[in-house]
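S.K.: Below are the structure tokens for one structure; questions will follow.
The values are calculated or read from the model by the stated rules, or taken from the named source; none is laboratory data. Everything numeric in this text was worked out from a predicted model, so none of it was measured. Heads up, the Cβs are rebuilt from the backbone with ideal geometry, glycines too, and the neighbour counts pull from every protein chain shown. Side chains included, ligands, DNA and RNA excluded: accessible areas come from the protein's heavy atoms. Shrake-Rupley method; radii C 1.70, N 1.55, O 1.52, S 1.80 Å.
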Amino acid sequence: MDSNTPVNAIRILSADMVQQANSGHPGFPLGAAPIIYTLFSRHLRFDTQHPQWFDRDRFVLSAGHGSAMLYAMLHLLGYPELPLSELQAFRQFGSKTPGHPEYRHTPGVEATTGPLGAGMGMAVGMAIAEAHLASVFNRDGLPLVDHYTYVLGGDGCMMEGVSYEAFSLAGTLGLGKLIVLYDSNGITIEGKTDIAFTEDVIGRFDSFGFHTQEVLDGNDIEAISAAIDAAKAETERPSLIKINTHIAYGVPERVDTPAAHGEPLGAKNIAALRESLDWEYSEPFFVPEEVYSHFNTLAAAGAERHAAWIGLKEKYASALPDEYTLFQDYLALAPYETAEAVLSESVSQEKPEATRNIFGDLLNKVAKGLPHLMGGSADLSPSNKTYINGAGDFSKEGRKGRNIHFGVRENAMGAIAIGMALHEGLQPYTGTFLVFADYMKPMIRLAALMKLRIIFVFTHDSIGVGEDGPTHEPVDQLTMLRAIPGLTVIRPADRNESIAALREATLNWEGQGPVALALSRQNLEPVSKNSEDPGKGGYIVYGEKSSAPDVTLIATGSEVFPSIEAAKILEAKGRSARVVSMPSQELFAAMPEEYRDSVIPPESSARIAVEAGSRLSWGTFIGPCGGYVTMDGFGASAPAGKLFEKFGFTAENIAAKAEELIDSKKRS
């Protein structure tokens, strides 16, 4: 059997999958099949029966629309849960073969990809994780962490800005075990790429500091393999291999045309493909036994490589028991007592503090007890307070540092954090201003979709930004973040609430997804008595608890204290008021109904949301008859105190709004 036969098996299965589903992208798999075959058959370290073994090579299909090719490859190799029937159920509800690859859903899929370029950034994160963990655990003769990260993408991935950002950083960091396979077929949905994309991609990567190569013929397996060998031999720089292919290779009427990208080939073209490839079997999804036998041999070789690593791991554990215990703790993201002590205490806050400063203090207190915590900021760590003192910087010169300088690259920062979390062994965190969550939204959504353990730190969380003005004052961002399924958003009001927030993001994490922290720039007065109640998402911070009040004020962050002051004004006028601090809508909504009703009594319909942001996420808690002290427009440039006054976030205005609502209820 020559090397073309297994490659063509991948092509035929991919085309048949798309045809049967009457949906999908056949062109990319037909052109890129030799690339994925060469990688898996000659280079990639994997074990089909233990897909998640730690020291496997990582492979990310950034061009997620080519998922049929990946599923065909995994099926042929014998990955569990991927029999032929799953390929025949491509893109169908409940199948293991969804339209784009989904992490945790399909064995052998390392990342959820689809938005082009995202997988490129994730691969950079995986390579960072490998380099850092290798520096922490490897010893002479005992390379416990020693694997490559490969990512395959196309022209669209190279056009997306996230790949520019991520690869610029990868070159700066000299990530020598990152290998980028660029399928260059010159076609996008609208036509040839040169209608919008004429740059010299290799020249760009040269300027990034990459080792670059070009394979002229994408069907030349020997040339592709030799290029990968050369990339692996280059240890000081990440590598780009540009591989020139033909979209819809083997289909005379579709090859090198946009029509091949996103629609089934049709029965006529499927037949022409079989004829062009000399594939003698007309039955859809049929693969001869000799091909399966060949892939079984590849799978057996992969199992042997895994077994060799297990032997190395056992030798490591015997020679270095303390280091091996630490390694296991990293993989489990296990906290130590020092971190648990800090995050379980309740404190008496004696003076006003900005919650960003509180976070920075807590981060440094728990850092030694959470050694797997690693991250940084998009060039804002002095403002975000995300720097771990004494932990060093992760750089080309030193891999042990836990602080990452992402540069002004919020989108890539999010993708890189995803890759670090996917790699396992680290809990990443990121930092920027809340208004710049807009740049990170696509990656936060993917992190939530994958239920990853990531902390997204956002400071400067309101019009409290002040003089920088409306361009830097977030208004809609909290609502945007709360709209993402699986993302827990926490906006603490003081130190105890911040302790609860970081505890939720670390110690209490049980697979629920990433956590976003919204932290203030300005100092806030303390409001809470302990750190236990804030962990419930919402709790009574002030007022009568035994009976339904005349009005319930529900506030977050910087608006909790003025709401308490407003309640005191109301009480002086004979009105009963309750103040609920709700740092997290998601955590509160997850509490038992009995608890939620005890905090916000159903019979008390006079409720007011108080938050220096959009009102759109508050309807569930306020109800149809509630009121709002929120931001319904953009902010302005002025000192923070003046802005809070002008936009109505004062005790006097909140109390006045409450009185209006109470009186309107009485009239009705």
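S.K.: Given the options Phe210, Phe295, Phe285, name the one that is open to solvent by less than 20 Å² (accessible area, probe 1.4 Å), among the aromatic types (Phe, Trp, Tyr) and touching an Asp or Glu at 6+ places or on another chain (Cβ under 6 Å).
M.R.: Result: Phe285 is the single residue among Phe210, Phe295, Phe285 that is open to solvent by less than 20 Å² (accessible area, probe 1.4 Å), among the aromatic types (Phe, Trp, Tyr) and touching an Asp or Glu at 6+ places or on another chain (Cβ under 6 Å).
For every residue, the table says whether it meets (1) free of Cβ contacts under 8 Å to residues at least 40 places away in the same chain; (2) in contact with a helix residue (DSSP H, G or I) (Cβ under 9 Å, 6 or more places away or on another chain); (3) under 25 Å from Phe644 (Cα atoms).
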residue: Gly574; (1), (2), (3): yes, no, no
residue: Val579; (1), (2), (3): yes, yes, yes
residue: Ala609; (1), (2), (3): no, yes, yes
residue: Ser614; (1), (2), (3): no, yes, yes
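S.K.: How many residues are free of Cβ contacts under 8 Å to residues at least 40 places away in the same chain, open to solvent by 30 Å² or more (accessible area, probe 1.4 Å) and touching a helix residue (DSSP H, G or I) at 6+ places or on another chain (Cβ under 9 Å) when one looks only at the stretch 81-96?
M.R.: 3
S.K.: Name the residues in the stretch 579-621 that are buried (at least 23 other Cβ atoms within 10 Å of the Cβ), of a type outside the set (A, V, I, L, M) and closer than 19 Å to Ala501 by Cα, would you?
M.R.: Answer for the stretch 579-621, where residues must be buried (at least 23 other Cβ atoms within 10 Å of the Cβ), of a type outside the set (A, V, I, L, M) and closer than 19 Å to Ala501 by Cα: Ser581, Pro583, Ser584, Glu611.
S.K.: Among the candidates Asn389, Asn364, which residue alone is among the polar types (S, T, N, Q), at pLDDT 95 or above and more than 18 Å from Ala501 (Cα to Cα)? Show your work before the answer.
M.R.: Details: Asn364 fails: more than 18 Å from Ala501 (Cα to Cα).
That would be Asn389, the only listed residue that is among the polar types (S, T, N, Q), at pLDDT 95 or above and more than 18 Å from Ala501 (Cα to Cα).
S.K.: Oh, and also: Residue check: is Pro352 touching a Gly at 6+ places or on another chain (Cβ under 6 Å) and in contact (Cβ under 8 Å) with a residue 60 or more places away in the chain? I'd like the intermediate steps shown before the answer.
M.R.: On the way: touching a Gly at 6+ places or on another chain (Cβ under 6 Å): no; in contact (Cβ under 8 Å) with a residue 60 or more places away in the chain: yes.
Against the criterion (touching a Gly at 6+ places or on another chain (Cβ under 6 Å) and in contact (Cβ under 8 Å) with a residue 60 or more places away in the chain), Pro352 does not qualify.
S.K.: Have a look at Pro624, Pro549 and point out the one that is within 22 Å of Lys665 (Cβ to Cβ), free of Cβ contacts under 8 Å to residues at least 40 places away in the same chain and not in a helix (DSSP H, G or I).
M.R.: Sole residue among the options that is within 22 Å of Lys665 (Cβ to Cβ), free of Cβ contacts under 8 Å to residues at least 40 places away in the same chain and not in a helix (DSSP H, G or I): Pro624.
S.K.: Among Glu424, Glu397, which is within 18 Å of the chain's Cα centre (by Cα), more than 30 Å from Arg615 (Cβ to Cβ) and surrounded by fewer than 22 Cβ atoms within 10 Å (Cβ to Cβ)?
M.R.: Within the list Glu424, Glu397, the selection yields Glu424.
S.K.: When you go through Thr556, Thr630 one by one, which is the residue that is without any contact (Cβ under 8 Å) to a residue 40 or more places away in the chain and either closer than 22 Å to Thr355 by Cβ or out of contact with any helix residue (DSSP H, G or I) (no Cβ under 9 Å at 6 or more places or on another chain) (or both)? Spell out the reasoning first.
M.R.: Numbers: Thr556 fails: without any contact (Cβ under 8 Å) to a residue 40 or more places away in the chain.
Exactly one residue qualifies, and that residue is Thr630.
S.K.: Tell me which residues, restricted to the stretch 505-547, are in contact with a strand residue (DSSP E or B) (Cβ under 7 Å, 6 or more places away or on another chain), surrounded by 17 or more Cβ atoms within 10 Å (Cβ to Cβ), farther than 16 Å from Arg495 by Cα and not hydroxyl-bearing (Ser, Thr, Tyr).
M.R.: Gln512, Gly513, Pro514, Val515, Ala516, Ile540, Gly543
S.K.: Let me ask you something else. Within 30 Å of Leu144 (Cβ to Cβ), surrounded by fewer than 16 Cβ atoms within 10 Å (Cβ to Cβ) and more than 34 Å from the chain's Cα centre (by Cα): which single residue out of Ala300, Ala319, Ala307 fits that description?
M.R.: Ala319
S.K.: Would you mind stating whether Ala166 is of a type outside the set (Lys, Arg), closer than 22 Å to His306 by Cβ and touching a helix residue (DSSP H, G or I) at 6+ places or on another chain (Cβ under 9 Å)?
M.R.: Numbers: of a type outside the set (Lys, Arg): yes; closer than 22 Å to His306 by Cβ: no; touching a helix residue (DSSP H, G or I) at 6+ places or on another chain (Cβ under 9 Å): yes.
No: the conditions fail for Ala166.
S.K.: From (1) farther than 20 Å from Ala260 by Cβ; (2) in contact with a Lys or Arg (Cβ under 6 Å, 6 or more places away or on another chain), pick out the condition that doesn't hold for Gly203.
M.R.: (2)
S.K.: Quick one: which residue in Gly119, Gly99, Gly78 is open to solvent by 20 Å² or more (accessible area, probe 1.4 Å) and either of a type outside the set (Lys, Arg) or in contact with a His (Cβ under 9 Å, 6 or more places away or on another chain) (or both)?
M.R.: Just one listed residue meets the conditions, Gly78.
S.K.: Being at pLDDT 95 or above, within 23 Å of Ser67 (Cα to Cα), in contact with a Pro (Cβ under 9 Å, 6 or more places away or on another chain) and assigned to a strand (DSSP E or B) is the requirement here; does Val151 meet it?
M.R.: Considered against the rule, which asks whether it is at pLDDT 95 or above, within 23 Å of Ser67 (Cα to Cα), in contact with a Pro (Cβ under 9 Å, 6 or more places away or on another chain) and assigned to a strand (DSSP E or B), Val151 comes out as no.
S.K.: Right, next: Residues that are under 26 Å from Ala334 (Cα atoms): which helices (runs of 4 or more DSSP H) entirely in the stretch 403-504 hold 3 or more of them? Show your work before the answer.
M.R.: Values: elements: 410-423, 437-449, 477-482.
Ranges flagged: 410-423, 437-449.
S.K.: For the stretch 161-185, how many residues are β-branched (Val, Ile, Thr) and open to solvent by 10 Å² or more (accessible area, probe 1.4 Å)? Outline the logic, then answer.
M.R.: Narrowing the stretch 161-185 to residues β-branched (Val, Ile, Thr): 162, 172, 179-180.
Retained after the next criterion (residues that are open to solvent by 10 Å² or more (accessible area, probe 1.4 Å)): 172.
Here the count works out to 1.
S.K.: Take the conditions open to solvent by less than 10 Å² (accessible area, probe 1.4 Å), among the β-branched types (Val, Ile, Thr) and without any contact (Cβ under 8 Å) to a residue 40 or more places away in the chain and apply them to Thr106. Does it pass?
M.R.: In short, yes.
S.K.: Could you go through the stretch 139-146 and let me know if any residue there is surrounded by fewer than 24 Cβ atoms within 10 Å (Cβ to Cβ), within 27 Å of His246 (Cβ to Cβ) and out of contact with any Cys (no Cβ under 6 Å at 6 or more places or on another chain).
M.R.: no
S.K.: Does Thr235 qualify as being among the polar types (S, T, N, Q) and either modelled with pLDDT under 95 or farther than 20 Å from Leu169 by Cα (or both)?
M.R.: no
S.K.: Another question, then. Provide a single number: the residues in the stretch 109-148 that are in a loop (DSSP other than H, G, I, E, B) and either closer than 14 Å to Gly66 by Cβ or touching a residue at least 40 places away in the same chain (Cβ under 8 Å) (or both).
M.R.: Adding up the residues that qualify gives 15.
S.K.: Also: Anything in the stretch 632-660 that is assigned to a loop (DSSP other than H, G, I, E, B) and crowded, with 19+ Cβ neighbours inside 10 Å? List them, or say none.
M.R.: Scanning the stretch 632-660 gives Gly635, Phe647, Phe649.
S.K.: Out of the residues in the stretch 21-46 that are more than 24 Å from Asp155 (Cβ to Cβ) and in contact with a helix residue (DSSP H, G or I) (Cβ under 6 Å, 6 or more places away or on another chain), which is least open to solvent (accessible area, probe 1.4 Å)?
M.R.: My answer is Phe46.
S.K.: Could you please find all residues in the stretch 382-402 being farther than 26 Å from Ala334 by Cβ and either free of Cβ contacts under 8 Å to residues at least 12 places away in the same chain or not in a helix (DSSP H, G or I) (or both)?
M.R.: Across the stretch 382-402, the qualifying residues are Pro382, Ser395, Lys396, Glu397.
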